[in-house]
Amino acid sequence: MNAPRELPGRAAEIYREHGPRVLALKALGFPKSIALHRGLEFVTRAGLDRRAAERSYRWFEAQETPCRISPVDVPRELGQFAGEYHPEPRFLCEVPDCRLVGDSAVGLLDDRILLDTAGSHYEHFFTAHKDFLGTKTALELVLRNVASRSPSVPERSLPPVLPLVPFYDNYYYPWLVEYLPKLRLIERYEAETGREPVVIVEEDPPSFVRATLALLGYDGRYVEWDGAECTVDPLLVTDHRLATSWAGPRYGFSLSAEDCLWVRDAIRSAVDLPSASSGGKRLYVSRRATDRGRRVANYDEIEPVLDSYGFESYVLESLPFAEQVRLVSDAEVILSPHGAGLANGLFAEDPTVVELFAETLVRPSYYLLSGMLGFEYEPMVVEPVAHDPHDDLLVDPDELSDRLDAVVDDPQ
């Protein structure tokens, strides 16, 4: 959706992505946002580090290496995120006597929000505070701070707790690259303490949450969050690294190749992968079953091209998670419109990723993921369907054929 020219930058972005109604609602909420900015207090990573040193909290770290994203031959919308990323070491801290509140199980320490349990970035939190807390809870926290008094709440009798309750509505990609990496230091914690933590997930979680946790050894080691405020002792706090395409441009991507490689290796080692001799698959990840747009509107026209290059078409969400991992694990080429199906490239060995964008929606998630994992990446920006609010694509068959000629060894 095109924004009126007179709108300032951030308002225009909201208008394009969500429409005039959402922009109006955000404008009406501005005074409340000011009250929240002034009334809420936070514990940052640095603040938690200081407190841990003062009070001898258990603190673990894993070293990171710089990650370089190449700007070669990509559109400006992607190239602006090229460069070197230097993530801080991932940490895990055992914090006694905390509370969990709100829709996303946000951690409180002395009624101050533990920022890494709430998206890791101040402005990110304030933009999405309803998703993290719910409006009532956010205002309650402001009033608590003003009155310096907290209500009595029950303590949940649980082992050490690590919340993994996303604030996103549709979170397949964030689950893989933002939430599962939070488990990376748990084995070290278990080895040192002899305690086996549980994770907290949303109520009635999607099948991919259950499947990934089972593969990582957490089957029977998670509880579902009902939103009721409670005390936990201890709470495990670790980095929340923003990697999603909508949040990163505004609040700063925090990219860690080690995070992605840990998830990749842990999942692949838990799945019965095909033998190396079955490699060389060329996969087209279809979005025809989604109601969220970015489908190829003229698929019938490009299907002969895909056939001539030996591509097989799959609707990944129709397959069990482990089967999706097996399917992509030895893929030579993964071709797809921009969407969550490309997140499965995380489990591939060394593919070429060809991503199709409508020129109205070019986002960097899988460009960055491919760069972190060392995959060859080829973006292709095409025309959108005229007057289409879902950013469906029109792909020129000849242009697609030329692009595939450049990235595959030979037609099959």
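The values are calculated or read from the model by the stated rules, or taken from the named source; none is laboratory data. Small disclaimer: the values here were computed from a predicted structure and weren't measured. Don't worry about glycine lacking a Cβ; one is built from the backbone with ideal geometry, like all the others, and counts go over all protein chains shown. Ligands, DNA and RNA are stripped out before the accessible areas are found, and what is left, the full protein with its side chains, is counted by its heavy atoms. Shrake-Rupley method; radii C 1.70, N 1.55, O 1.52, S 1.80 Å.
The table for this structure:
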read-out	value
Protection proxy ranking of 55-61, 319-325, 303-309 - average other beta-carbon atoms within 10 Å, highest first	319-325, 303-309, 55-61
Rh (Kirkwood; distinct C-alpha pairs) - the range 259-303, Å	14.1 Å
Cα Rg over Rh - the range 278-317, Kirkwood	1.00
Whole-percent pair-distance distribution, where bins are 10 Å wide, for the alpha carbons of the range 293-394	15, 45, 35, 4
Convex hull (Cα only) mean projected area of the range 264-338, reported in nm² to one decimal	5.7 nm²
In sequence order, calculated HN-Hα J values of the range 52-62 (Karplus, 6.51, -1.76, 1.60; Hz; x Gly/Pro)	4, 5, 5, 10, 6, 5, 5, 9, 10, 9, 10
Rounded percent of accessible protein surface that carbon and sulfur make up, the range 307-412, 1.4 Å probe	44 percent
Stokes-Einstein D in µm²/s, Kirkwood radius over Cα pairs - the range 153-212 at 37 °C with 0.692 mPa s viscosity	254 µm²/s
Gyration tensor (Cα) of the range 55-96, equivalent ellipsoid semi-axes in angstrom	36, 10, 5
